[in-house]
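For reference, the structure discussed in these notes is given below.
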Amino acid sequence: MTATVVLLTLLLAPAASGNAAAPAGCEVWTRGSETLSPYVKEWFAHSTDERVVRCPQAAATEGADATALYFGEGGVTQHGTVCTYPRHGLTLTGRGAAARLERYDRSEALAMAFAGPQCPAPRAATSAQGYVETYDISAATFAGIMQLWSAIASASAAAPAGADGARASVSMGTGAPA
């Protein structure tokens, strides 16, 4: 069971480029935003992204300027029971009038969430079910992993506590106590 939990953690862990659910303080621009910086406007002019997200990042050393993380995001689509949208890292290069966004991620991440009657909005603060950033897994695999994770959580919560208060572990093969 430990190997399964480790595998799930690795597959679903937020990537180095950032979690799909942007932390507080992030700014999101869409193609319809009223105020766009020149470099975001230029990015939209040559990309198919629907959103650009800018998140503050603390300075690496004291006294250094804080930098921002940028992400380009595509449209939300539904594949059966799973909603997805593509996401990739961007970097701001140059200064002043020469500043522009460039893509630095070579691969595309997919932010995934279970679909309800409709897909949740990306980074919706009121959404109980957020998106998880994934790489190289299909919608069917994501659904299977999430169902397995839910079964593990349910079995753990339902398992009777032993004399020492510890929960009994459940074998993945038969559902019988291990």
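Taking the numbered list (1) assigned to a strand (DSSP E or B); (2) of a type in the set (D, E, K, R); (3) at pLDDT below 90 in turn, Asp65 passes all entries but (1). Within the option set Glu102, Glu108, being modelled with pLDDT of 90 or more, under 30 Å from Trp43 (Cα atoms) and loosely packed, with under 15 Cβ neighbours inside 10 Å holds for one residue only, Glu102.
Among strands (runs of 3 or more DSSP E) entirely within the range 87-157, having at least 1 residues that are in contact with a Leu (Cβ under 6 Å, 6 or more places away or on another chain) and not acidic (Asp, Glu) singles out 100-103, 132-134. Checking each residue in the range 111-144 for being at pLDDT 85 or above and of a type in the set (Val, Ile, Thr) picks out Val132, Thr134, Thr141.
Search the range 158-178 for residues being surrounded by 11 or more Cβ atoms within 10 Å (Cβ to Cβ) and in a loop (DSSP other than H, G, I, E, B), and hand back the single one that is modelled with the highest pLDDT. Filtering first and then ranking leaves Ala159.
The values are calculated or read from the model by the stated rules, or taken from the named source; none is laboratory data. Fair warning: this is a prediction, and the values are worked out from it, not measured in the lab. Note that we place each Cβ from the backbone using ideal geometry, even for glycine, and neighbour counts take in every protein chain shown.
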